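To start, the structure under review is shown below, and the notes come after it.
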Amino acid sequence: MAQEQGLDLVEVVADQRPPICKIMDYGKHKYDESKKEQRARASGRGSELKEIRLGRSTKIDPHDIKIRIDQARRFLMEGHKVQVVQRFRGREMAHKELGINNLRMFADGLADISKVELEPRWMGRQTSIVLAPDRSRIESIKRKAEAAKLKAEAEAPEEVEVEALVEESLSDNQIEEIERLDSKRAEDDRRQKNPVDAELDALLGD
């Protein structure tokens, strides 16, 4: 099929049995990959330091920390560093460990794609840490996502072709019978979900 289309047959998932392959223009694919790497290097050079604040005090809800972790994850995946700032109000300065725990929770939530570049440092009534993207782990995650995407694309046409072949091999009467059975199953499922409808059908003679 690849030869007939003047394209290449490329193995995209080798550890499957049978392996997953895709018909593509391999030269164009390599060119697109090189352009993608160039854009990644360019964005890496233009990385910024993004600041995320954990509210105005140490009394921040864990759910709010989760929302900020998700925001920081997007920044890190794009290659930016993240500075996380924890502020203290009033007598909270006497319990600095509460703020440090919030920062530690934040760092732990992003440990799969980042590393702590600067440990907690103090500036007046606030402390902060700096997280840097772990580029090797991020690239690994992106490669796995790309492989999963290629696998899905490679498998989808095969499923469509199989369904088409099955339909072509059936006569009109067989197709009508299958549709009638599918309709009956759907009606039975509806009655099981709603026993009141089933009782009414029985009283009215279906």
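Within the set 167, 163, the sole residue that is modelled with pLDDT under 60, touching a helix residue (DSSP H, G or I) at 6+ places or on another chain (Cβ under 9 Å) and not basic (Lys, Arg) turns out to be 167. Scanning the stretch 108-148 for residues that are among the acidic types (Asp, Glu) and either under 16 Å from residue 33 (Cα atoms) or assigned to a strand (DSSP E or B) (or both) turns up 117, 119, 139, 146. Screening 79, 55 for residues that are buried (at least 16 other Cβ atoms within 10 Å of the Cβ) and either among the polar types (S, T, N, Q) or in contact with an Asp or Glu (Cβ under 8 Å, 6 or more places away or on another chain) (or both) leaves exactly one candidate, 55. Kindly indicate whether any position in the stretch 25-41 is loosely packed, with under 12 Cβ neighbours inside 10 Å, hydrophobic (A, V, I, L, M, F, W, C), assigned to a helix (DSSP H, G or I) and under 25 Å from the mean Cα position of the chain (by Cα). The answer is no; no qualifying residue exists. Per the conditions (1) surrounded by fewer than 20 Cβ atoms within 10 Å (Cβ to Cβ); (2) small (Gly, Ala, Ser); (3) more than 14 Å from residue 87 (Cβ to Cβ), the sole criterion not satisfied by residue 124 is (3). Is at least one residue of the stretch 30-50 of a type in the set (D, E, K, R) and touching a residue at least 60 places away in the same chain (Cβ under 8 Å)? Within the stretch 30-50 (the criterion being of a type in the set (D, E, K, R) and touching a residue at least 60 places away in the same chain (Cβ under 8 Å)), the answer is no, since none of the residues qualifies. Only a single item in (1) touching a Leu at 6+ places or on another chain (Cβ under 9 Å); (2) assigned by TED's automatic domain parsing to the domain that holds residue 12 is not met by residue 128, and it is number (2). The one condition from (1) modelled with pLDDT of 90 or more; (2) loosely packed, with under 11 Cβ neighbours inside 10 Å; (3) of a type in the set (A, V, I, L, M) that residue 69 does not meet is (2). Considering the stretch 61-89, the residues that are closer than 24 Å to residue 40 by Cα and among the aliphatic types (A, V, I, L, M) include one that is nearest to the chain's Cα centre (by Cα), namely 77. The set of residues in the stretch 142-156 that are of a type outside the set (Asp, Glu) and either on the phi > 0 side of the Ramachandran plot or surrounded by 13 or more Cβ atoms within 10 Å (Cβ to Cβ) (or both) comprises 142, 147, 150, 151, 154. Please tell me if residue 105 is at pLDDT 85 or above, surrounded by 10 or more Cβ atoms within 10 Å (Cβ to Cβ), closer than 30 Å to residue 75 by Cα and of a type outside the set (Lys, Arg). Judged against the criteria, residue 105 is a match. As a summary of the residue check, residue 67 satisfies the conditions (1) part of a helix (DSSP H, G or I); (2) farther than 30 Å from residue 136 by Cβ except for the one numbered (2). Search the stretch 82-99 for residues being in contact with a strand residue (DSSP E or B) (Cβ under 8 Å, 6 or more places away or on another chain) and crowded, with 16+ Cβ neighbours inside 10 Å, and hand back the single one that is nearest to residue 39 (Cα to Cα). That would be 82.
The values are calculated or read from the model by the stated rules, or taken from the named source; none is laboratory data. Quick caveat: nothing in here was measured; it's all calculated off a predicted structure. Glycine also receives a Cβ, built like all others from the backbone with ideal geometry; neighbour counts cover every protein chain displayed.
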